[in-house]
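The values are calculated or read from the model by the stated rules, or taken from the named source; none is laboratory data. Please read these numbers as outputs of a predicted model, since none were measured by experiment. Ideal geometry is used to build each Cβ from the backbone, glycine not excepted, and the neighbour counts take in all protein chains shown.
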Amino acid sequence: MKKFLAITLCSLFAMAYGLNAQVTFEKTFGTTGDNFANDVQLTSDGGYILVGTAEFAGGFGDLLLIKTDANGDTLWTHTIGGSSLDQGNSVIQTSDGGYIIAGATMSYGAGANDAWLVKTDAKGLVTWSKTYGTINNDVAYGVVQTSDGGYVFSGMEKQSGLNGNAHLVKVDASGNVLWSKTFGSYLRKNFAYTLLQTSDHGFLIGGWENLNLGINDDFCLIKTDSNGTLQWYKSYGDVGHDQNFSVHQTTDGGFVIAGYTFSASVIDVNVVKVDGSGNLLWTKNVGGTGADYSYAVTSTADGGLVFCGSTLSFGATNAGYLAKMDGSGNLLWSKTMTGTGWDGFFAIREASDGGFVLAGVKGENYGVSGSVYFVKTDANGNSGCNNTVTSSVTTPSILVGTPIANGTSTQSVFDAAPAQTSGTSVTTICSSCIPVNWYADADNDGYGNAAVTQSSCDQPAGYVADNTDCDDAASTIHPGAADLCNGIDDNCDGVIDENAITATTVPSGYVYDCYNQSLLLTANAGNGILYQWYRNDVLIAGATNSTYSLNKGGKYFVKESNAFGCSSTSSIVYITIIPLPSANITPLGNLDICQTGYVDLQANSGGGYTYQWMKGSTNIAGATNQIYTATAKGTYKVVVTNAEGCSKTSKGVKVIKSCREGLTESTVMGELNVFPNPSSGPVTVDLKLNDTSSGKAIIQISNQLNQLVYTEEVAYADGMMHTAIKEESLPDGLYMLQVIIGDQIMVKSMMIQH
């Protein structure tokens, strides 16, 4: 058996139609051998199923099953068979969505050729396979499904000593025989090519019969009830060859038969219309100057009929032939396809859009080469690359034969286990559409898998136009999806966990803070981030902002999360609270500076302490020593700062001056200077008064204990005094120098450093 069905795609051209245009196309399928389709049916998804044979070199071949969409684009293709010649003659879609195929096999069974039923699922995979027959040649041509879930098939059974009888067999849903009937006599060979289940639940077998060793063939119709019991049997023909390959029930309850007639060296299509009892209503011959054949017919929704076959009347080669007639047998139009060898159609169905779908063979060299021919036309028979021809119509004479006997038979039934292979391809001869690529959407999220494609005009079930899905097994993963923190690229943008967050804080690491001062921890910002702060591994209730103000030591961190399932915990911030230094002032003298004019204020000492003296709430510029000499009344404070930068402000010390205030230096006394200051020897006192008075002034020097260590009376003249103090016995230290003129005092501090 051939293990692979090779197919070539070659799109030659496409035709443009309006919005309401019918789909049309011509396509071929095949291998390097002889391939043909014997039947085509419409399927529930709007597509088509074809069955036939793929024959290979050496005289063997396999049953060929092809599933397409509405545009003729293949969905799958299977070959089924064994080591010899196996063929498929008809196919229908079953109630479970699968298919039942009737055919013949030389690979399995009881005889040289056995009738063969193959049941598949909706994807064309074999579920069971059985053969039926005798030791001679048997074949199944037609098959229908019955209301009980079983099947009835028709064909020919050739028993020993007989030419062959028409055969009707009922099987259950698993293929087991329930009854078997034969029709005919030993004087005739009966071919049952077509099987219909009629509106009365009975069956109609259509075919032709041949007198034993004779030259006369006649159309024949065999009508039975639902149990296969013969109701009537009629033949139709003249003295020549009349062979019927197809029958279809019409809307009026009658039947239309199509085949061909050969008499007086003329071969024409022969169409016969009978009523529901088989009584002849009319007959027509249709054709041209050459040989014309019909192999299939179907009634149409408008009460007419369409037949198809092959013709040699309208060209040098045998071309596919298609014609439409009304219910009275009047020809409406006829068409031929462009021939490439022996071309013909063996099956036709009216499509859901009012057009027609045909199946057969193209370019056949019997047993050597040929391709499955698959055509879809519009309601006027146009495929986009076929021809309109003028056929002649005549009314022949016809004889109606008498019934003949029927009987029962017993066949050997065998299970067959055929091998099955798959492959898809197509050659597009012409088409009304330009196929585009569609992509499998296995997870039904609207985004397809770029690696699994199907080219067709219409969107196939389970396929989409978008091919950007990065995981077609998970419906939550596709472009535009929320990218969760799960180690997966949920939105197919090439970035994994793009909404991840990294929790950080400012400040971080080891942080020192002063007691009674609040410290603000700030986490990283971001849209949609939720925060929770912790101290010493314990959740801080209500601390859910991006900042947290603290005044306690400990280990702090923040946990962050967002709506994408992302979370992060910051590094620990170690907070140490530094105690504040002491801040006290000790007066080193009388806080009433009426007599002395000053008082030294001393701050407490400490390692690494620095100082800033204040008068009221204002810092005193340059007053940064531990001791400050206050020469004016007021409230004094000191800010003590330790080595870690923590500060504390002392309580205020109030300096007073109980005596009457003298005039200020600037308004009365003028300017007093002492230099050099600091001094290691004599000190010069320079006084410039604001007036030109003359008189006596007293100079006094006091130490830090407010002890008078020097006094001298000095004259001044014209508002000026310039004198040197030669007291070199003063020890190093800070001193207060006063110039007293009457009740006015001017003060200047000085430093002695030897």
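Is it the case that some residue within the range 180-192 is at pLDDT 85 or above and within 54 Å of the chain's Cα centre (by Cα)? Within the range 180-192, one or more residues are at pLDDT 85 or above and within 54 Å of the chain's Cα centre (by Cα).
Surrounded by 24 or more Cβ atoms within 10 Å (Cβ to Cβ), part of a strand (DSSP E or B) and in contact with a Lys or Arg (Cβ under 9 Å, 6 or more places away or on another chain), is that true of Leu63? The answer is no for Leu63.
For Ile100, indicate whether it is within 27 Å of Ile348 (Cβ to Cβ), in contact (Cβ under 8 Å) with a residue 60 or more places away in the chain and touching a Leu at 6+ places or on another chain (Cβ under 8 Å).
Working: within 27 Å of Ile348 (Cβ to Cβ): yes; in contact (Cβ under 8 Å) with a residue 60 or more places away in the chain: no; touching a Leu at 6+ places or on another chain (Cβ under 8 Å): yes.
Considered against the rule, which asks whether it is within 27 Å of Ile348 (Cβ to Cβ), in contact (Cβ under 8 Å) with a residue 60 or more places away in the chain and touching a Leu at 6+ places or on another chain (Cβ under 8 Å), Ile100 comes out as no.
Residues that are assigned to a loop (DSSP other than H, G, I, E, B) and either of a type in the set (A, V, I, L, M, F, W, C) or surrounded by 24 or more Cβ atoms within 10 Å (Cβ to Cβ) (or both) within the range 108-141 comprise Gly109, Ala110, Ala112, Ala122, Leu125, Ile135, listed in sequence order.
Take the conditions (1) assigned to a loop (DSSP other than H, G, I, E, B); (2) over 19 Å from Phe56 (Cβ atoms); (3) among the small types (Gly, Ala, Ser); (4) modelled with pLDDT under 90; Ser83 misses just one of them, which is (2). Taking the range 469-506 as the range and being in contact (Cβ under 8 Å) with a residue 24 or more places away in the chain, surrounded by fewer than 16 Cβ atoms within 10 Å (Cβ to Cβ) and β-branched (Val, Ile, Thr) as the test, the residues that pass are Thr476, Thr502, Thr504. For the range 170-183, filtering for residues that are crowded, with 19+ Cβ neighbours inside 10 Å, more than 13 Å from Leu204 (Cα to Cα) and of a type in the set (A, V, I, L, M, F, W, C) leaves 1. Scanning the range 695-705 turns up no residue that is loosely packed, with under 14 Cβ neighbours inside 10 Å, modelled with pLDDT of 90 or more, out of contact with any strand residue (DSSP E or B) (no Cβ under 9 Å at 6 or more places or on another chain) and more than 30 Å from Pro587 (Cβ to Cβ). For His201, the conditions (1) at pLDDT below 90; (2) surrounded by fewer than 17 Cβ atoms within 10 Å (Cβ to Cβ); (3) of a type outside the set (A, V, I, L, M, F, W, C) are fulfilled apart from (1).
The set of residues in the range 548-562 that are without any contact (Cβ under 8 Å) to a residue 60 or more places away in the chain and part of a loop (DSSP other than H, G, I, E, B) comprises Asn551, Lys552, Gly553. Kindly indicate whether Tyr366 is hydroxyl-bearing (Ser, Thr, Tyr), modelled with pLDDT of 90 or more and closer than 18 Å to Gly52 by Cβ. So Tyr366 fails the test.
Does Leu708 count as closer than 24 Å to Lys615 by Cα and either outside the structural domain of Gln595 (by TED's automatic domain parsing) or not β-branched (Val, Ile, Thr) (or both)?
Details: closer than 24 Å to Lys615 by Cα: no; either outside the structural domain of Gln595 (by TED's automatic domain parsing) or not β-branched (Val, Ile, Thr) (or both): yes.
Criteria not met by Leu708.
Of everything listed in (1) surrounded by 12 or more Cβ atoms within 10 Å (Cβ to Cβ); (2) closer than 12 Å to Ala697 by Cβ, the single unmet condition for Lys748 is (2).
Take Thr624 and decide whether it is of a type in the set (S, T, N, Q), farther than 30 Å from Trp533 by Cα, without any contact (Cβ under 8 Å) to a residue 12 or more places away in the chain and surrounded by fewer than 15 Cβ atoms within 10 Å (Cβ to Cβ). Before you say what the answer is, go through the steps one by one.
Details: of a type in the set (S, T, N, Q): yes; farther than 30 Å from Trp533 by Cα: yes; without any contact (Cβ under 8 Å) to a residue 12 or more places away in the chain: no; surrounded by fewer than 15 Cβ atoms within 10 Å (Cβ to Cβ): yes.
In short, no.
For the range 512-535, a residue qualifies if it is buried (at least 18 other Cβ atoms within 10 Å of the Cβ) and at pLDDT below 95, and the qualifying residues are Asp513, Cys514, Leu519.
Annotation note: Cβ proximity below 6 Å between a residue of the range 573-593 that is among the small types (Gly, Ala, Ser) and a residue that is part of a strand (DSSP E or B) and surrounded by fewer than 18 Cβ atoms within 10 Å (Cβ to Cβ) (sequence gap 6+ or interchain) occurs for Ala583/Thr649. Being over 30 Å from Tyr628 (Cβ atoms), among the charged types (D, E, K, R) and at pLDDT below 95, is that true of even one residue in the range 536-553? Taking every residue of the range 536-553 in turn, at least one turns out to be over 30 Å from Tyr628 (Cβ atoms), among the charged types (D, E, K, R) and at pLDDT below 95.
Could you grab me the full set of residues in the range 538-547 that are in contact (Cβ under 8 Å) with a residue 24 or more places away in the chain and either on the phi > 0 side of the Ramachandran plot or not in a loop (DSSP other than H, G, I, E, B) (or both)?
Selection gives Thr547 alone.
Residue-level check: of (1) modelled with pLDDT of 85 or more; (2) under 32 Å from the mean Cα position of the chain (by Cα); (3) of a type in the set (Val, Ile, Thr), Ile7 misses just (1). The conditions of being crowded, with 19+ Cβ neighbours inside 10 Å and modelled with pLDDT under 70 are met by Gly164. Scanning the range 628-657 for residues that are among the hydrophobic types (A, V, I, L, M, F, W, C), farther than 23 Å from Cys594 by Cα and outside any strand (DSSP E or B) yields Ala643, Cys646. Given the structure, is Gly509 surrounded by fewer than 14 Cβ atoms within 10 Å (Cβ to Cβ) and under 30 Å from the mean Cα position of the chain (by Cα)? No, not satisfied. Residues in the range 114-134 that are touching a residue at least 60 places away in the same chain (Cβ under 8 Å) and either farther than 22 Å from Ala347 by Cα or of a type in the set (D, E, K, R) (or both): Asp114, Leu125, Val126, Trp128, Ser129, Lys130, Thr131, Tyr132, Gly133, Thr134.
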